[in-house]
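Read through the structure below, which is laid out as structure tokens, and then see the notes.
The values are calculated or read from the model by the stated rules, or taken from the named source; none is laboratory data. These numbers come from a predicted model, not from an experiment. In this analysis, Cβ positions are derived from the backbone assuming ideal geometry, glycine residues included, and neighbour counts consider all displayed protein chains.
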Amino acid sequence: MEKRWVARINLDTLEIDYDPSFKFKCVENCGKCCRDLEVPLRDEDIEEIEALGYSAWEFVDYEKMFYRGDRFLSYALKKRPFDGGCVFLDPETMKCRIYEKRPLACRLYPFIFVKKGNLMEVYVKRDSFCPGIDHPEGESIDRILLRDYRDVIETYRRKAVKDRG
Ligand code: SF4
């Protein structure tokens, strides 16, 4: 997968170095990632969606699996047969029906977070289908990280503290 570095967060000081030339704006109701991506489901994602009243068979594709090497990681979110969209994408409004409880992979898209010691590197996927990447009216990544991903940064910060014992 092609990716581009866009930021680095020091997990001790929360200082952010970033590429100021990178801008992002999610284009509302575009929904291309809801069709073009295969979304892995963590056990926690499945539990949270089931708590909304859905049964796993309605949204888990047990025939699509993610592996790292020979290690099974997860099953995928189901796509519907008529247009290849996610089963939770409303075909009329192009809105996500479970937006507040969407899987972590959907929340993070199009960013990738990689922890290296007390640093967290942030990359953006080079997906040509996503019009939000390098959008002329986009926001800088430091603002996006501090507004939308504070909880992710906090989780990584706790991991960094734990790793040091
Ligand atoms: S493809 Fe990009 S711009 Fe479109 S909804 Fe997904 S993240 Fe937003």
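I need a count of the residues in segment 36-55 that are surrounded by fewer than 16 Cβ atoms within 10 Å (Cβ to Cβ) and in a helix (DSSP H, G or I). Looking only at that region, the number is 5.
Here the condition is being at pLDDT below 95 and among the acidic types (Asp, Glu); of GLU38, GLU47, GLU58, it holds for GLU38 alone. With respect to the conditions (1) within 16 Å of the ligand (Cβ to nearest atom); (2) within 28 Å of PHE59 (Cα to Cα), ILE141 lacks only one, and its number is (2). Does CYS30 meet the test of being within 16 Å of the ligand (Cβ to nearest atom), touching a Cys at 6+ places or on another chain (Cβ under 6 Å) and under 30 Å from LYS95 (Cβ atoms)? Considered against the rule, which asks whether it is within 16 Å of the ligand (Cβ to nearest atom), touching a Cys at 6+ places or on another chain (Cβ under 6 Å) and under 30 Å from LYS95 (Cβ atoms), CYS30 comes out as no.
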